[in-house]
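Structure record follows, encoded as structure tokens.
The values are calculated or read from the model by the stated rules, or taken from the named source; none is laboratory data. Note that the structure is predicted; figures quoted are calculated from it, not measured. Quick reminder, even Gly has a Cβ in these numbers, built from the backbone with ideal geometry, and neighbours come from all protein chains shown.
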Amino acid sequence: MTKEKERALAAIDAGADLVRSVADRIWEYAELSLQESKSAECYCEVLEKEGFQVERGICNIETAFSASFGSGRPVIGILAEYDALSGLSQKAGSLIREEAVPGGSGHGCGHNLLGAGAFAAALGVKAYLEENDCPGTVILYGCPGEEGGASKAFMARDGVWKDLDAALTWHPEDVNEVATGSSNSCIQVQYKFTGIASHAAGAPEMGRSALDAVELMNIGVQFLREHMSDKARIHYAITDAGGCSPNVVQPKASVLYMVRSNHVAEAVELEKRVDKIAEGAALMTETTFEKKFIDGLADTVSNFALERVLYENFRELGVPSYTEEEHAFADRLAETYPSEGYLPGVAAEFDSELREQVRALREKNGHAMNAFLAPLYQGEAFKAGSTDVGDVSWLTPTAQIHVASWPNGCPGHSWQNVSCDGTEIGKKAAVHAGKVLAAAAIDLLTRPELLKEAREEFEKRTRAGYICPIPKGAVPVIPD
């Protein structure tokens with residue numbers, strides 16, 4: 001590692017207390033998707049004090065921002081998230097389910113750490129640019145609503161990511177690894193039906209049931225399942241059944257649909273078929289409906305070239321270390337959920353040889369916190385979930401890492417995650433993630449052959465072209 005890079009990473013160590021305090025503040029705010037006003041302002045204020053040029057409300061999203069430092073190319077983007085999940089309020093460092101705020105929200109996906117780690121990375125790259133007076137720009141993007149808003153996809157529609165030479169990010173997990181592989185695209189639409197109320201016994205012929213329309217739509221979609229790709233998925237939730245009186249013909253009802261497929265172009269076409277079923281349901285019941293677009297996001301495009309840069313820096317920097325007390329806490333927390341037979345890491349899931357390597361590392365480790373770096377895997381991999389990082393990856397070379405923030409096998413979106421997010425274990429992960437991302441970004445700034453290789457791979461993988469799932473004029477909204 002060069003002396004210049006070492007000094008840049010030392011700047012992250014010098015600012016580690018600030019990174020930790022930001023993680024704590026966002027953990028306490030625990031604001032839901034597209035409502036992260038305190039969290040976004042916290043970042044904007046801190047970044048301005050640190051010398052970044054901050055732009056609030058980018059792409060007409062109130063809680064989105066960008067913070068840039070430097071000038072000229074290369075331009076490296078670092079992605080931050082900071083939204084929480086409803087119903088997951090939890091006391092930090094607790095080994096039992098204890099709400100901090102009754103009925104409140106909590107960071108069950110670790111986004112308080114994600115944003116803080118991205119901030120740490122931006123501090124490190126800024127320190128490098130300042131000291132070396134070289135061309136290059138780092139931009140930290142505040143991306144709200146990952147849990148239900150897909151702000152990165154709206155930014156993709158507006159062309160934000162096209163200006164970057166590369167984008168880097170990370171996510172809290174139960175393992176240290178370089179992430180790879182594709183994911184599902186996803187489109188969410190709410191269908192709100194309107195009918196005519198009437199006495200269900202006295203004048204049923206006068207009524208037109210919106211609830212009937214919702215139910216007929218759901219039946220139509222069930223029949224559609226036989227005639228769509230076996231890689232596609234359609235989920236739904238009735239968000240308004242029209243009331244609780246069975247002797248009233250329900251004049252309103254709504255249903256929220258989520259359409260997934262391996263490729264965003266397929267999801268867009270499948271969602272159009274769901275639209276037709278909604279039209280048919282309205283015709284059959286003589287009701288009307290309003291289609292409310294919620295969000296949409298694309299599948300993820302891997303970039304092996306960038307993944308190798310991240311891995312080499314991760315390998316050189318190692319993984320977070322833990323005190324005996326932290327190990328004891330993690331081991332006891334792991335006893336609160338079943339994880340028998342679970343192995344962490346992309347490698348363990350997709351390759352039998354690497355699976356055995358991870359198993360051996362896991363057994364050698366001897367604790368619930370996975371204090372090892374999983375082997376780099378660069379084969380075919382697919383995760384059924386969805387992330388709006390996918391839309392970034394269609395417009396610029398993109399890669400991300402996972403850093404152990406919770407014990408092995410810890411359930412996603414759980415109170416255990418929230419408890420750990422508020423401890424030193426989680427904050428160590430944020431600081432360490434910042435160092436790995438910053439070190440990789442510095443390599444990209446100083447070694448043009450790396451960006452050239454990443455761009456060539458990106459052009460090959462995305463030759464089909466990006467199909468944006470966000471319609472013109474749509475804005476991020478929360479379902480009714």
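Identify the residue in the range 78-111 that is polar (S, T, N, Q) and touching a Gly at 6+ places or on another chain (Cβ under 8 Å) and, among all such residues, is farthest from residue 149 (Cα to Cα). Among those that are polar (S, T, N, Q) and touching a Gly at 6+ places or on another chain (Cβ under 8 Å), it is 90. Scanning the range 113-122 for residues that are within 18 Å of residue 88 (Cβ to Cβ) and over 12 Å from the mean Cα position of the chain (by Cα) turns up just one, 113. Candidates are the residues of the range 7-32 that are crowded, with 18+ Cβ neighbours inside 10 Å and touching a strand residue (DSSP E or B) at 6+ places or on another chain (Cβ under 9 Å); the one that is farthest from residue 479 (Cα to Cα) is 27. Scan the range 100-132 for residues that are surrounded by fewer than 24 Cβ atoms within 10 Å (Cβ to Cβ) and either under 13 Å from residue 20 (Cα atoms) or not assigned by TED's automatic domain parsing to the domain that holds residue 399 (or both) and jot them down. None; the set is empty.
This table checks each residue for (1) surrounded by 15 or more Cβ atoms within 10 Å (Cβ to Cβ); (2) out of contact with any Pro (no Cβ under 6 Å at 6 or more places or on another chain).
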| position | (1), (2) |
| --- | --- |
| 307 | yes, yes |
| 318 | no, yes |
| 326 | yes, yes |
| 333 | yes, no |
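Going by what's in this entry, would residue 56 be described as modelled with pLDDT of 95 or more, surrounded by fewer than 20 Cβ atoms within 10 Å (Cβ to Cβ) and either in contact with a Gly (Cβ under 8 Å, 6 or more places away or on another chain) or not assigned by TED's automatic domain parsing to the domain that holds residue 433 (or both)? Against the criterion (modelled with pLDDT of 95 or more, surrounded by fewer than 20 Cβ atoms within 10 Å (Cβ to Cβ) and either in contact with a Gly (Cβ under 8 Å, 6 or more places away or on another chain) or not assigned by TED's automatic domain parsing to the domain that holds residue 433 (or both)), residue 56 does not qualify. With the condition kept exactly as written, say whether any residue in the range 114-121 is out of contact with any Gly (no Cβ under 8 Å at 6 or more places or on another chain) and either in a loop (DSSP other than H, G, I, E, B) or farther than 27 Å from residue 427 by Cβ (or both). Among the residues of the range 114-121, not one is out of contact with any Gly (no Cβ under 8 Å at 6 or more places or on another chain) and either in a loop (DSSP other than H, G, I, E, B) or farther than 27 Å from residue 427 by Cβ (or both), which makes the answer no. When only residues in the range 382-405 that are in contact with a strand residue (DSSP E or B) (Cβ under 7 Å, 6 or more places away or on another chain) and assigned to a loop (DSSP other than H, G, I, E, B) count, which is surrounded by the most Cβ atoms within 10 Å (Cβ to Cβ)? Per the stated criteria, the residue is 405.
Residue 419 passes every criterion in (1) of a type in the set (S, T, N, Q); (2) crowded, with 23+ Cβ neighbours inside 10 Å; (3) more than 22 Å from the chain's Cα centre (by Cα) apart from (3).
Quick grid of which residues meet (1) farther than 28 Å from residue 230 by Cα; (2) modelled with pLDDT of 95 or more; (3) in the same structural domain as residue 156 (by TED's automatic domain parsing):
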| position | (1), (2), (3) |
| --- | --- |
| 347 | no, no, yes |
| 350 | no, no, yes |
| 365 | yes, no, yes |
| 369 | yes, yes, yes |
| 396 | yes, yes, yes |
| 401 | yes, yes, yes |
| 412 | no, no, yes |
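Please find, within the range 33-53, the residue that is surrounded by the fewest Cβ atoms within 10 Å (Cβ to Cβ) out of those that are free of Cβ contacts under 8 Å to residues at least 60 places away in the same chain and assigned to a helix (DSSP H, G or I). The extreme case among them is 49. The residues listed here are 158, 174; of these, the one that is in contact (Cβ under 8 Å) with a residue 12 or more places away in the chain, out of contact with any Ser or Thr (no Cβ under 9 Å at 6 or more places or on another chain) and either surrounded by 21 or more Cβ atoms within 10 Å (Cβ to Cβ) or farther than 26 Å from residue 377 by Cα (or both) is 158.
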